[in-house]
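Accompanying notes for the structure given below.
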Amino acid sequence: MREAMERFREEAESAVHYLAARIGPLPEIILVLGTGLGGLADRIDDALTIPYHEIPHFPHATVESHAGNLIVGALGGKRVAALQGRFHFYEGYSTRELTRPVRVLSLLGAKTLVVSNAAGGLNPDFAPGTIMLLRDHINLIPDNPLRGANIDAWGPRFPDFSAPYDQPLMATMLRAAARLGTPNVTSGIYVAIPGPSLETPAETRYLRSIGADAVGMSTVPEVIVAVHAGLKVLGISVVANVNDPDNFKPIRIEEIIDETRKCEERLQELLVAFVREI
Ligand code: HPA
């Protein structure tokens, strides 16, 4: 167990050394761009694009809607590192493996994680296009990226999760939304399921009954690593579809991607305004 962790540590450190030599001034903010939201990368100035496969030990993306690039540059006057394309538990990665990019960027000195995803709405007040800031989460992925020997230099064995999402960052985002007049921005609780099969009507009823407002297959592992590393976190779900257990409609991935793309412009503007303010 300890040996596996030592190997993981050495690999992460070799990615850190590689990137430190290649990217110039270090990024303060990590942006994880979820399904249909990768276009934000086009707004990054002086962008240096590094395909994941060039970075030692980085996992490679397998999902079509997720390109696999690290993009470093300036956004809203800040140094950012955008992960265009993320990894999921359903692809077969362990959560430790799929969170490696966030761990490596935290070791490079990033202080804030902004993580986005496409999600299914469970709260009946939501509509396709609702932007939900994560107030809290429920992890139903049967794995934890911190499982195994703890590396004390990276964070505590039993990290506190009483407030995984940063209140001031959320308030800043809500202010930016109000100023821009962005409609349908709210907050809620995200539940992460392993996937890749989508929810049945009975599972949808269950997820709502345990207190979740939106469901997806990502984000929570990255947030666990970021909180362990002491980063402030802002989580954003774009609600692509709303699932009503009593009138359940088929959920189609093409529609999820389409709906998320429709929100992309609005979310990009919001993120730029937000980054400028923090
Ligand atoms: N369920 C799970 N993940 C999702 C959904 C959904 O309905 N929509 C977008 N991602």
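Among the numbered conditions (1) touching a residue at least 24 places away in the same chain (Cβ under 8 Å); (2) surrounded by fewer than 22 Cβ atoms within 10 Å (Cβ to Cβ); (3) assigned to a loop (DSSP other than H, G, I, E, B), the only one that Pro145 does not meet is (2). Screening Glu222 on (1) away from the ligand (no atom under 13 Å from the Cβ); (2) surrounded by fewer than 18 Cβ atoms within 10 Å (Cβ to Cβ); (3) charged (D, E, K, R) shows it passes everything except condition (2). Just so you know, in region 215-227 the residues that are small (Gly, Ala, Ser) and not in a loop (DSSP other than H, G, I, E, B) include one that is farthest from Glu265 (Cα to Cα), and it is Ala226.
Only one of the numbered conditions (1) charged (D, E, K, R); (2) touching a strand residue (DSSP E or B) at 6+ places or on another chain (Cβ under 6 Å); (3) in a loop (DSSP other than H, G, I, E, B) is not met by Asp125, and that is (2). Within region 238-249, the only residue that satisfies the criterion of being closer than 14 Å to Thr200 by Cβ and within 8 Å of the ligand (Cβ to nearest atom) is Asn243. With respect to the conditions (1) within 16 Å of the ligand (Cβ to nearest atom); (2) under 17 Å from His137 (Cα atoms), Val227 lacks only one, and its number is (1). I'd like to verify a number: residues in region 229-240 that are buried (at least 22 other Cβ atoms within 10 Å of the Cβ) and of a type outside the set (A, V, I, L, M, F, W, C), how many? Within region 229-240, residues that are buried (at least 22 other Cβ atoms within 10 Å of the Cβ) and of a type outside the set (A, V, I, L, M, F, W, C) number 2. Scanning region 218-271 for residues that are under 30 Å from Asn150 (Cα atoms) and among the basic types (Lys, Arg) gives a single hit, Lys232.
Close Cβ contacts (under 6 Å, 6 or more residues apart or on different chains) running from residues in region 16-38 that are under 17 Å from Gly68 (Cα atoms) and within 16 Å of the ligand (Cβ to nearest atom) to residues that are among the hydrophobic types (A, V, I, L, M, F, W, C) and outside any strand (DSSP E or B) comprise Leu33/Leu40; Gly36/Ile257; Gly38/Ala67. For region 186-194, indicate whether the set of residues that are closer than 25 Å to Ala82 by Cβ, among the aromatic types (Phe, Trp, Tyr) and in contact (Cβ under 8 Å) with a residue 12 or more places away in the chain is non-empty. Yes: one or more hits. Scanning region 154-195 for residues that are more than 18 Å from Val220 (Cα to Cα), in a loop (DSSP other than H, G, I, E, B) and of a type in the set (S, T, N, Q) yields Thr182, Asn184. Scanning region 196-214 for residues that are crowded, with 16+ Cβ neighbours inside 10 Å and in a loop (DSSP other than H, G, I, E, B) yields Leu198, Glu199, Ala212, Asp213. From the list Arg208, Arg252, Arg266, the one residue that fits, being of a type in the set (Lys, Arg), over 16 Å from Gly121 (Cα atoms) and either within 14 Å of the ligand (Cβ to nearest atom) or out of contact with any Phe, Trp or Tyr (no Cβ under 8 Å at 6 or more places or on another chain) (or both), is Arg266.
Residue pairs whose Cβ atoms lie under 7 Å apart, sitting 6 or more positions apart in sequence or on different chains, and linking a residue in region 152-167 that is within 23 Å of Met5 (Cβ to Cβ) to a partner that is polar (S, T, N, Q) and assigned to a loop (DSSP other than H, G, I, E, B), are Arg157/Asn150. Residue-level check: of (1) farther than 19 Å from Ala163 by Cα; (2) part of a strand (DSSP E or B); (3) of a type in the set (Val, Ile, Thr), Ile236 misses just (1). Say whether the condition of being in contact with a Ser or Thr (Cβ under 9 Å, 6 or more places away or on another chain), touching a residue at least 12 places away in the same chain (Cβ under 8 Å) and among the basic types (Lys, Arg) is met by at least one residue in region 85-94. So far as region 85-94 goes, yes, one or more of its residues are in contact with a Ser or Thr (Cβ under 9 Å, 6 or more places away or on another chain), touching a residue at least 12 places away in the same chain (Cβ under 8 Å) and among the basic types (Lys, Arg).
Restricting attention to region 241-274 and to residues that are outside any helix (DSSP H, G or I), among the polar types (S, T, N, Q) and in contact (Cβ under 8 Å) with a residue 40 or more places away in the chain, the residue that is surrounded by the fewest Cβ atoms within 10 Å (Cβ to Cβ) turns out to be Asn241.
A short reminder: the numbers here are calculations on the coordinates, not readings from a lab. Owing to the predicted nature of the structure, the values given are computational and were not obtained by experimental measurement. Ideal geometry is used to build each Cβ from the backbone, glycine not excepted, and the neighbour counts take in all protein chains shown.
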